[in-house]
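Novice: Following this message is one structure expressed as structure tokens.
The values are calculated or read from the model by the stated rules, or taken from the named source; none is laboratory data. Since this is a predicted model, take the numbers as computed values, not measurements. With ideal geometry, Cβ positions are generated from the backbone for all residues, glycine too; neighbour counts draw on all protein chains shown. Only protein heavy atoms, including side chains, enter the accessible area calculation; ligands, DNA and RNA are left aside. Shrake-Rupley method; radii C 1.70, N 1.55, O 1.52, S 1.80 Å.
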Amino acid sequence: MSKQLKNIILTIVIGCVVFIIGNIMEDGFKFEDSKEFFESFAFYQLYSFVLGYSNMAFFGYMANRGWRKNDTVKRVLIGFFGAVIITLIGLFALRVATTVFYFGVPFKDFIERERFSYYQFGLWITIIILSVFHAIYFYNRYQQNRIKEQKVIAGTASAKFDALKNQLDPHFLFNSLNVLTSLIEENPDSAQKFTTSLSKVYRYVLEQKNKELVTVDEELKFAKTYMSLLKMRFEDSIIFSSPEHSINPESKVVPLSLQLLLENAVKHNMVTVSKPLHIKIYEDGYNLVVENNLQPKQIVKKSSGVGLSNIQQRYNLLTDKKVNIIKEAKRFAVAVPMLTKQVSIMKPQSKPEIDDNYIRARKHVEELKGFYYSLGSYFLVIPFLIFVNLKTVPQFHWFWFPIFGWGLGLTIQAFRVFVDDGGFGRSWEKRKIEKYMEEEKKNWD
């Protein structure tokens with residue numbers, strides 16, 4: 001449906017609503033014949049079309065004009081006074097056309113009889129409708145800005161997370177080749193076995209590096225395999241222990257976190273037969289702990305900055321839970337949080353339909369709650385306004401304006417909340433979002 005056709009339909013609907021309101025306020029639909037009825041209806045539609053289109057054009061101009069971030073108040077004031085001026089000019093032109101040209105009243109007589117009170121109804125109706133339009137516009141712009149901000153945050157976090165993960169692949173390979181070089185010189189037979197085992201270990205690195213979280217059981221299994229590689233070089237100089245399985249099979253950690261911690265333990269401590277390095281992995285509450293006895297090397301090679309900081313940064317991007325470091329006189333331990341649910345918001349999950357259903361359900365509940373709040377406010381405020389009107393200005397029932405203006409907004413809100421598969425229901429919204437995302441993807445490609 002084209003924009004012009006939508007605007008025409010909208011002006012017709014507004015004209016019908018104003019026709020009903022106007023006749024209720026005047027004489028309650030007392031027409032002498034059908035000709036008078038259709039004539040009155042046609043005039044209301046003409047007024048609605050002219051005023052509606054002129055204000056829509058002005059509203060479109062205001063929306064497309066370049067506004068700064070802090071120009072909201074300025075935009076509202078210009079929009080309000082501009083709409084008032086356009087409405088008054090339009091009403092005057094329409095009254096001239098209908099009174100002078102249609103009914104044949106001389107222009108001089110028309111000017112003499114003209115009163116501002118003749119413009120009040122049209123002006124109030126236009127202001128109410130424009131207020132609803134502006135409220136919807138600013139609400140949509142606020143939501144769009146929030147979506148843009150979240151996309152920027154998520155995109156930045158995703159890029160940073162990918163960069164951290166990509167550090168692991170060359171880092172692991174480089175360090176493994178260093179170990180292999182040492183073994184070739186010290187023990188060629190072990191070097192051959194190391195090469196065979198390294199291919200199996202490296203396969204795990206390639207498989208897991210693109211994941212945000214892996215199960216603790218997978219990491220424990222990999223840690224044992226990795227330690228078997230190190231024991232080929234250090235033999236009895238390393239004493240290693242870890243559980244076979246996690247207490248909670250659903251618990252997860254970031255990939256290769258144990259490997260990095262085990263590697264750091266070997267890198268920064270002396271590993272000799274006389275001073276063996278004791279490393280153990282165990283669970284402590286909701287943390288997985290890697291602990292070793294502290295016997296630092298006298299000369300430590302310059303760190304690459306990948307190990308512990310990489311784990312901390314990845315956890316910071318996924319959860320509020322922190323990596324805890326315990327350093328004592330003879331003991332060093334790192335406790336990494338075990339997560340029991342998927343916490344990432346940067347990438348699509350393995351079952352996007354579940355996440356989409358949850359997001360839509362949550363959004364629907366929020367919309368439903370907002371509608372009930374608005375409905376409750378309506379039935380509390382409207383009686384109060386009626387009471388104030390009848391007590392202050394009983395001869396002019398201005399309470400009809402908020403009744404129908406606010407009622408129109410409630411009707412639109414109820415349509416959005418309760419109509420599932422209508423022309424503009426949630427199914428339509430889903431299709432539009434999918435279409436927009438597909439277009440965005442093509443633009444990026």
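Novice: Can you find a residue in region 100-119 that is of a type outside the set (Gly, Ala, Ser), in a helix (DSSP H, G or I), within 15 Å of GLY52 (Cβ to Cβ) and out of contact with any Gly (no Cβ under 9 Å at 6 or more places or on another chain)? Before the answer, list the steps.
Specialist: Residues of region 100-119 of a type outside the set (Gly, Ala, Ser): 100-103, 105-116, 118-119.
Narrowing the set further to residues that are in a helix (DSSP H, G or I) leaves 100-102, 107-113, 118-119.
Among the residues that remain, those that are also within 15 Å of GLY52 (Cβ to Cβ) are: none.
No, the conditions are met nowhere in region 100-119.
Novice: Within region 36-95, can you find the residues that are closer than 19 Å to PHE138 by Cα, of a type outside the set (Phe, Trp, Tyr) and open to solvent by less than 50 Å² (accessible area, probe 1.4 Å)? Please lay out each step first, then the result.
Specialist: Taking region 36-95 and keeping what is closer than 19 Å to PHE138 by Cα, we get 55-83.
If we keep only those that are of a type outside the set (Phe, Trp, Tyr) as well, we get 55-57, 60, 62-66, 68-79, 82-83.
Hits for region 36-95 are ASN55, MET56, GLY60, MET62, ALA63, ASP71, ARG75, GLY79, GLY82, ALA83.
Novice: Additional query: Please verify whether SER246 is modelled with pLDDT of 90 or more, in contact with a strand residue (DSSP E or B) (Cβ under 6 Å, 6 or more places away or on another chain) and hydroxyl-bearing (Ser, Thr, Tyr), treating the condition exactly as stated. Full working, then the answer.
Specialist: On the way: modelled with pLDDT of 90 or more: yes; in contact with a strand residue (DSSP E or B) (Cβ under 6 Å, 6 or more places away or on another chain): no; hydroxyl-bearing (Ser, Thr, Tyr): yes.
No; evaluated as a whole, the condition is false for this residue.
Novice: Right, another one. Determine whether LYS30 is under 38 Å from the mean Cα position of the chain (by Cα) and either open to solvent by 50 Å² or more (accessible area, probe 1.4 Å) or not basic (Lys, Arg) (or both). Give the steps one after another, and end with the answer.
Specialist: On the way: under 38 Å from the mean Cα position of the chain (by Cα): no; either open to solvent by 50 Å² or more (accessible area, probe 1.4 Å) or not basic (Lys, Arg) (or both): yes.
So LYS30 does not fit the description; no.
Novice: Would you be able to tell me the number of residues in region 315-354 that are surrounded by fewer than 15 Cβ atoms within 10 Å (Cβ to Cβ) and either farther than 14 Å from GLU212 by Cβ or at pLDDT 55 or above (or both)?
Specialist: 16
Novice: Taking region 196-217, which residues are among the hydroxyl-bearing types (Ser, Thr, Tyr), more than 16 Å from VAL254 (Cβ to Cβ) and either assigned to a strand (DSSP E or B) or open to solvent by 70 Å² or more (accessible area, probe 1.4 Å) (or both)?
Specialist: Initial filter on region 196-217 (among the hydroxyl-bearing types (Ser, Thr, Tyr)): 196-197, 199, 202, 204, 215.
So of that shortlist, the ones also more than 16 Å from VAL254 (Cβ to Cβ) come out as 196-197, 199, 202.
Within region 196-217, THR196 is the sole residue that qualifies.
Novice: Could you check, for region 155-178, whether at least one of its residues is open to solvent by 30 Å² or more (accessible area, probe 1.4 Å), hydrophobic (A, V, I, L, M, F, W, C), at pLDDT 70 or above and part of a helix (DSSP H, G or I)?
Specialist: Yes, region 155-178 contains at least one residue that is open to solvent by 30 Å² or more (accessible area, probe 1.4 Å), hydrophobic (A, V, I, L, M, F, W, C), at pLDDT 70 or above and part of a helix (DSSP H, G or I).
Novice: Name the one entry in GLU291, GLU263, GLU283 that is at negative phi, at pLDDT below 90 and acidic (Asp, Glu).
Specialist: Working: GLU291 fails: at pLDDT below 90; GLU283 fails: at pLDDT below 90.
On inspection, the qualifying residue turns out to be GLU263.
Novice: Give just the number: which of (1) open to solvent by 50 Å² or more (accessible area, probe 1.4 Å); (2) modelled with pLDDT of 75 or more does ILE433 not satisfy?
Specialist: Condition (2) is where ILE433 drops out.
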